[in-house]
Every structure is written in structure tokens, then in C-alpha cells.
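S.K.: Questions regarding the structure given below will be posed in turn.
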Amino acid sequence: MRSGHRPGHRPGHRLGRRFGWLWGAYGTSALGTWLAFGAFPLIAIEVLDAGPAEVAALSSVAAAVGAAVAVPLGPWVEFRRKRPVLIAMDLVRCAALLTIPAAYALGVLTFLQLLLVSVVVAAADITFRAASGAYLKTLLPAEDLLVANARFESTAWTTTIIGPPLGGAAIGLLGPLATVVADAVSYLLSALGIRAIGGHEPRPERREAARMRAGDLLDGWRYILADATLRPLFFNTAVFNGLVMAAQPLLAVLMLGDLGFTPWQYGLAFAAPSIGGLLGSWLARPLVTRFGPHQVLVVAGALRAVWPVGLAFLGPGTGGLLLVIGVELGLILCCGLFNPVCATYRLERTATDRAARTLSAWAVTTKATTALLTAVWGVLGSLLGPRTAIGLAGVLLLATPLLLPRRTAACPRAATDRRADTA
């Protein structure tokens, strides 16, 4: 396993014009996504008079169904050029989102359409992530992957900081449909940026029969479970992400309901700590260079699990607000460090001709686990109360470091055999 450091490379070195276009496309679509954050629930409530169950379905059911729809797309993407797939997924998301303002203008918008669009966008998101990771692996040499992933991570947190406030202002002035249009346009601009990357991308060769078989759908999971390092990391990320996200709706209920925080205080509690994500992503490469990727991965992965249990002690007033900000700052700092190292670690351990299937299986499992745990914790919150359910999630998160890889096995030979062809 390489540490991501190459002699003579400075932390600020350039990754080339082609990566620059890919990075710009990612930042544009990420900003559009955060501008439209919360737009679908608002449309459901304000335009369609949807109830709590329908609003919950937009996130949980749509994510689960979208993950199921994406299952066959991983093997399909594997044996196709990745750049056209990226462009196609951007255009699919753009077109799907534009049907919402179009239907509203014609007076035919329904909740079912919102749900279907959410499913399409969720499936396209998973497919895009799988294809983009596989494409990045062929676009850059292995020693540049950590730098690239850290830049993606810092961009994600930057858009998290600036997107929701701008989107909230736009919704206040123009309504939630305006941010949906902005999100759709961001995907169109992303597609144009990816198209501008240029260069030749050879078509992957398929050694099996030309027709995809039912067994191919499970190839990504087989590959992950057969790898002694990927397997625990896979379970760790799925359970950790699922438990963290499952507690978020209950935290909103606790803060905005029982404890009487205002919406702006709630927004501040989650926007301000995002600066920790920037700091964590900036620290990723120097820490990996000094300590190695495995050590950073395990330590950051363990530290991120200790913070959420503190939310069970949340109280009202300024002290409670500072507690949330402190907990979220620590959590996001550790996640900002962990995420790019994990993404690079995973790419380096995955053979080039298995990357799309592996990344797709990873994303599908994470989405489905999050949807399932969110539904379960909704029931627990109703039975036990939001504070107790949040505390239970925090206690279970303390056990997730046990799922981190304890040692680094040798990288699969296939993961490096093809490097000479792509570097």
C-alpha cells in the first residue's frame, strides 16, 4: 500500500487539466445539490399538502428503491467507457429534475412524481459515483489519488457551508422550485465540464460472455467480501453512516420541538461545524505521508465514533447549541480526514477492471443501510423518545471501530498490474 507520497511532489502540485475539469464538474453539481437541500420536502408540504409519512418516504423509501434500481447498473458500467456514463447520469438527473417545475407549471405535479424523480436521482447518484471512482483510477497515477480525493472532500464541505444558506435565501425569495431548477442546471454544467475533459478512453474488455448474467449483479459484493481489508472497512462505513444519518431526523425533532431551538439556530448548529471537514481534508495528505494510510484510517475512524453519543446530553439554550456545534465539529473533522483516506485506500485495493462494480456495491449497501436504519430509528424514537433513541445510536457507534481493518494485507495484484497502461 502506498502512502500517497511521491518524492519531489509538493502538497500543492497540479494534477493536470483533465482532472481540473472533473473537479470543477464535481464542485458545480455538489453546489447545486446543496442549493436544493430540503426543496423536495418543502414542495411536498407547501404545494402538495403532504403529511409526515409522505415526507419521510421521500428520503427513506426513495433512497432504498433507488439503491435497488442501481444494483444492475454497476456491472453494466464496468464494461463501458466511464466518461460517457458520467455525462449520461448528469443528463438523466437534469432531465428528471426539470420535470418537476414543468409539471407544476402545467398544474399536474403529484407526490408520485416527486417520489419517482427521487428514485431516479438516487439511482443515478450511485451510478455516477461508481463510474467516477473507476474513471479517477485510470485518470491519475496511484500516488495522486489521495490528493485528488482530499480536494473532492474539501469541495464537498465547502459547498455544504455555502449551499444551504444560499438555497434558503433563494427559496425565501423565489420558492423551492427555483432551487430545483438550479440543481438541474448544475448537472447540465457538470456534464459539459466532463465532456470538456477530452482525451481517449479505451473501451474495457470483457472476458466473459457478452450478455450480462444474473450472477454478475453480485460481483461487487463478492470482491469486497473476499478481501480481508475491504471487508471490515465496508461493514464499518455502512453501519457508521447508517447510524449517524438515522439519528438526524430525531435530532431535528428534539431541537426544533422539545428544546425550542429556532430554525436559524438549527441551521447554524450544522453549517458552522462544516469548517472541520475542510480542516480534516487538508490534513489528510500530510498525516498519511508521515504515519501511513492504515494508521490514519484506523485512528480517524475510531475518533469519529466517540462524538455522537454526546448529543444524548443536549439541553436547551446557548449551552445546548454550543454542545451540538462542538460535537458536530469533532465528528466532521474526523470524517473530513477519514473520508479521502478511505476513498483512496479503497481504490488502491480494488482492481481496475472491478472498480465500478465494487464502488457500486459499496454505495448501494450504504444507501440501503441508511434507509433501513432511518426507518428503524423512527420507530424507536416514537417508542422511546428522541433523546433515548439518539443516545442508543451513539452507544452503538462506539462499537464501530471494532469493524475497522486491523492490518493491511498485500494489494491484489490485479489492482496494480494495469497501472502501466493507465498512468
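S.K.: Count the net charge of all other residues whose Cβ sits under 11 Å from the Cβ of Leu177, scoring Lys and Arg as +1 and Asp and Glu as -1. Walk me through the numbers on the way to the answer.
M.R.: Working: positive: none; negative: Glu46, Asp183.
Once all neighbours under 11 Å are counted, the net charge is -2.
S.K.: Calculate the dipole size of the chain relative to its Cα centre from +1 charges on Lys and Arg beta carbons and -1 charges on Asp and Glu beta carbons; express the result in debye to the nearest 20.
M.R.: Values: 36 positive and 22 negative charges, 364 e Å.
Charge dipole, the chain, about its Cα centre: 1740 debye, nearest 20.
S.K.: Here's another thing I want to ask about it. Is the C-alpha gyration tensor of segment 214-288 telling us rounded, prolate or oblate? Criteria: a/c under 1.5 is rounded; beyond that, a/b larger than b/c is prolate, otherwise oblate.
M.R.: Working: a/c = 3.76, a/b = 1.69, b/c = 2.22.
In terms of gyration-tensor shape, oblate.
S.K.: Could you sort the peptides 297-308, 333-344 by per-residue average Cβ neighbour count (10 Å cutoff), highest mean leading?
M.R.: The most tightly packed comes first, giving 333-344, 297-308.
S.K.: Note down the net charge around Phe40, summing +1 for each Lys or Arg and -1 for each Asp or Glu among other residues with Cβ under 12 Å from its Cβ.
M.R.: Numbers: positive: none; negative: Glu46, Glu54, Asp183.
Combined, the nearby Lys, Arg, Asp and Glu give -3.
S.K.: Hey, another quick one. Report the Cα centroid-to-centroid distance between segment 87-120 and segment 373-387 in angstrom, as an integer.
M.R.: Here the answer is 31 Å between Cα centres.
S.K.: Here's a follow-up. Order 158-167, 121-130, 85-94 from most to least packed using the mean count of other Cβ atoms within 10 Å.
M.R.: On the way: 158-167: 19.0, 121-130: 24.6, 85-94: 22.1.
Order by mean packing, descending: 121-130, 85-94, 158-167.
S.K.: Something else now. Where the accessible area of segment 93-143 is counted over protein heavy atoms with a 1.4 Å probe, how much of it, in %, is carbon and sulfur?
M.R.: On the way: 1310 of 1820 Å².
Ligands and nucleic acids excluded, carbon and sulfur reach 72 percent.
S.K.: Students often check this: by mean Cβ neighbours within 10 Å, which of 370-383, 63-76 ranks highest, and how do the rest follow? Write out the running numbers ahead of the final one.
M.R.: Details: 370-383: 18.0, 63-76: 21.0.
Top to bottom by mean Cβ count within 10 Å: 63-76, 370-383.
S.K.: Still on this structure, I have one more. Would you mind working out the accessible area per residue for the chain, using a 1.4 Å probe, and quoting it in Å²?
M.R.: Working: 18760 Å² over 423 residues.
Per residue, the chain has an accessible area of 44 Å².
S.K.: Additional query: Can you give me the distance in nm between label points at Ala226 and Ile45, each placed 7 Å from the Cα along the Cα-to-Cβ direction?
M.R.: Going by the 7 Å Cα→Cβ label model, 4.9 nm.
S.K.: Restricting the calculation to Cα positions, tell me the Rg (one decimal) and the Dmax (whole number) of segment 255-306 in Å.
M.R.: My reading of the Cα-based Rg and Dmax gives 16.1, 46 Å.
S.K.: Would you kindly give the portion of the calculated P(r) for segment 304-383 that falls above 21 Å, as a percent of all Cα pairs? The partial results should precede the final answer.
M.R.: Working: 1683 of 3160 pairs.
Roughly 53 percent, rounded to a whole number.
S.K.: Give the residue from Gly267, Val244, Ala284 lying farthest towards the positive end of the charge dipole for segment 172-298; charges sit on Cβ (+1 for Lys and Arg, -1 for Asp and Glu) and the dipole is referred to the Cα centre.
M.R.: Farthest along the dipole direction, towards plus: Ala284.
S.K.: Next up: Can you give the relative contact order of the chain as a percent, counting alpha carbon pairs under 8 Å and 6+ residues apart?
M.R.: It rounds to 29 percent for the chain.
S.K.: Work through the residues other than Gly66 whose Cβ is under 11 Å from its Cβ and net out their charges, Lys, Arg +1 and Asp, Glu -1.
M.R.: 0
The values are calculated or read from the model by the stated rules, or taken from the named source; none is laboratory data. None of these values were measured; they are calculated from a predicted model. Cβ sites come from the backbone with ideal geometry, for glycine too, and all protein chains shown count toward neighbours. Quick note on the areas: whole protein, heavy atoms, side chains included, nothing else; ligands and nucleic acids left out. Shrake-Rupley method; radii C 1.70, N 1.55, O 1.52, S 1.80 Å.
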